[in-house]
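A.B. asks: The structure that follows is given in the form of structure tokens.
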Amino acid sequence: AVFYDSAASAGTGTQASPYNNVYTAIANIGTKRYLYGKGTTIVDQTFSETPLGGFMYCLPPLPSRASELDRLYARRWGASSWTITTNGTNHGGFYEENGASYATYKGISFSGLDNTASGGAGFGVLYLYGSSVGINVEQCTADDINGAANNGGYMLWGVNGGKVWRCTGNNIQKLGDNTGENTAMFYTYDGVNISVQRCEASNCAQLVYHKRVASAFVVTTSVKFCISETRNGINYGASDTVAGIPHSYSIVQCNLFKSGNVAIDFSAGVVGSNGSNNADEHFWTNNVFYQVGAGETSPVQFSQAYNATMFNNIYFESRRMWREFTDSVAYGDVIKYADYDVDFGTTLANNRYEYRDVVYSTSALLQANRADLTVNNTLTNPLFTASASGVFTLQASSPALTDGVDGTQQGLYLGDFYTIGAN
């Protein structure tokens with residue numbers, strides 16, 4: 001291992017005599033497998049890059065590794081804290097653009113990083129289109145991240161295989177605004193096989209923004225066991241530059257979405273241009289949507305999410321339930337299965353469901369169009385323990401304990417499923 005302590009005297013990188021300069025520590029990792037850091041790291045003008053066309057100062061990339069067998073870890077030192085920050089604009093965290101692979105960032109706090117003046121991205125960790133493989137971020141925090149373009153706490157663009165586990169993101173901004181679309185705790189273009197678990201996000205546009213799909217039938221980002229208090233929750237987008245290819249194989253399971261306009265927003269760019277030949281299979285289940293939606297927006301809204309499966313979700317005092325709009329029926333049906341959901345206190349009840357761009361107020365009216373949808377949905381109080389206080393476990397008398405598919409539990413707290421992810 002290489003050891004770094006910002007408060008130490010100049011040393012040799014050992015535990016007894018750590019480096020006091022982070023750039024020196026990174027430069028001397030070599031074939032070692034651990035970089036332990038502690039203290040407060042001020043990103044200065046030692047190293048610079050131009051991500052997305054904007055000149056900035058940042059931390060240099062970690063050395064690449066060949067496989068899981070020699071994965072490199074940059075992590076806080078023991079019980080100490082390691083905070084990466086700056087005292088000026090045009091500064092970011094760790095940056096990589098040449099395909100370095102198999103690195104894990106663990107237990108690091110990214111705070112007050114600002115890249116607004118250059119026109120570029122603001123970030124704690126950014127891998128930018130270098131065909132990197134196996135990049136993980138665990139138990140990290142990102143607070144007050146600001147930039148001028150695409151901004152996120154953790155940004156894995158073009159990465160194949162990544163985990164963002166037990167991390168937080170708060171106040172991720174674009175030019176000082178944390179409500180704009182291009183801000184997220186986790187943000188990727190063209191990422192493949194990425195797992196986001198046990199994370200929390202607030203004061204930013206999205207918990208997860210998977211903005212573009214690299215090609216058809218690749219595995220998109222899965223999101224499990226997270227808490228989102230963001231404007232748009234999870235945004236699966238599609239860019240016209242790839243002719244609107246939709247995402248495939250998304251999983252959104254056992255998450256809590258509190259407030260916001262949308263929780264799961266799935267779009268396909270150019271409607272009907274690709275169809276089911278380019279996207280397939282989505283699994284959105286056991287989520288709680290608490291007071292989500294505004295105007296015509298729904299907690300779950302999607303277009304061309306072919307073979308979407310939804311069940312065991314709880315919609316509590318939300319605007320609507322789900323909305324499937326502007327479907328192109330020539331390419332196959334968007335919804336594979338939608339049933340066994342709980343609805344309590346929908347505020348726009350006349351538009352509870354939207355199927356193929358037509359709204360329905362009840363399950364019975366929807367079934368007149370398609371008989372197999374929402375047959376076992378219920379309009380009932382799930383009896384949360386104390387939802388107003390943020391406690392979304394179920395009371396002993398809750399019907400949601402057994403009203404799910406095959407007598408399973410509805411909602412998000414499913415016992416030892418929560419051992420999945422970083423701990």
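A.B. asks: How large is the direction-averaged shadow of the alpha-carbon convex hull of the range 1-129, in nm²?
C.D. replies: With the hull built on Cα positions only, its mean projection is 7.4 nm².
A.B. asks: Convert 10 °C to kelvin, take the viscosity as 1.306 mPa s, use the Kirkwood radius over C-alpha pairs of the range 147-196 as Rh, and evaluate the Stokes-Einstein diffusion coefficient in µm²/s, rounded to a whole number. Mind dumping the intermediate values first?
C.D. replies: On the way: Rh = 11.2 Å.
For these conditions, the coefficient is 141 µm²/s.
A.B. asks: Per the Cauchy relation, a quarter of the hull surface: what is the mean projected area of the convex hull of the alpha carbons in the range 300-383, in nm²? Display every interim value, and only then the final one.
C.D. replies: On the way: hull surface 19.4 nm².
Averaged projected area of the range 300-383's Cα convex hull equals 4.9 nm².
A.B. asks: Under a point spin-label approximation (7 Å from Cα along Cα-to-Cβ), what is the ALA371-THR393 distance to one decimal in nm?
C.D. replies: 4.3 nm
A.B. asks: Something else: Take the alpha carbon atoms of the range 16-70, find their center, do the same for the range 125-164, and report the distance between the two centers in whole angstrom.
C.D. replies: Between the Cα centres of the range 16-70 and the range 125-164 lies a distance of 15 Å.
A.B. asks: Shifting gears a bit: Mind computing the radius of gyration and Dmax over the alpha-carbon atoms of the range 66-115? Å is fine for both.
C.D. replies: Looking at the range 66-115, its Cα Rg and Dmax stand at 13.2, 38 Å.
A.B. asks: Let me ask you something else. Viscosity 1.567 mPa s, temperature 4 °C: what is the translational diffusion coefficient of the range 127-243 from Stokes-Einstein with a Kirkwood Rh over Cα pairs, rounded to a whole number of µm²/s?
C.D. replies: Working: Rh = 13.6 Å.
My calculation gives 95 µm²/s for D.
A.B. asks: At 7 Å along Cα-to-Cβ for each site, give me the label-to-label distance between THR24 and ALA1 in nm.
C.D. replies: 2.0 nm
A.B. asks: What value does the range 89-150 have for Rg/Rh, both radii from Cα atoms and Rh as Kirkwood defines it? Write out the running numbers ahead of the final one.
C.D. replies: Numbers: Rg = 11.9 Å, Rh = 12.1 Å.
Taking Rh as the inverse mean 1/r over Cα pairs, Rg/Rh reads 0.98.
A.B. asks: Just the projected area, averaged over all directions, of the convex hull on the alpha carbon atoms of the chain: how many nm²?
C.D. replies: With every direction weighted equally, the projected area is 20.3 nm².
A.B. asks: For the chain, modelled as a GNM with alpha-carbon contacts under 10 angstrom, which of ASN171, ASN261, ASN28 fluctuates the most?
C.D. replies: ASN28
A.B. asks: Once you have the Cα-Cα distance between ASP333 and ASN87, take 0.36 nm times their residue separation minus that, and quote the gain in nm to one decimal. Let's see the in-between values first.
C.D. replies: Details: separation 246, 0.36 × 246 = 88.56 nm, distance 5.29 nm.
Between ASP333 and ASN87, full extension yields 83.3 nm more.
A.B. asks: While we're looking at this one, here's another question. Counting only protein heavy atoms and using a 1.4 Å probe, what share of the accessible area of the range 70-216 belongs to carbon plus sulfur, as a whole percent?
C.D. replies: Working: 1530 of 4020 Å².
Here it works out to 38 percent.
A.B. asks: Please compute the per residue accessible area over the chain with all protein chains in place, 1.4 Å probe, rounded to a whole number of Å². Can you show the working numbers first?
C.D. replies: Values: 14970 Å² over 423 residues.
On a per-residue basis, the chain sits at 35 Å².
The values are calculated or read from the model by the stated rules, or taken from the named source; none is laboratory data. Please read all numbers here as calculations on a predicted model, not as lab measurements. Using ideal geometry, Cβ is built from the backbone for each residue, glycine included, and neighbour counts are taken over all protein chains shown. We work out accessible area using only protein heavy atoms, side chains counted, and drop any ligands, DNA or RNA first. Shrake-Rupley method; radii C 1.70, N 1.55, O 1.52, S 1.80 Å.
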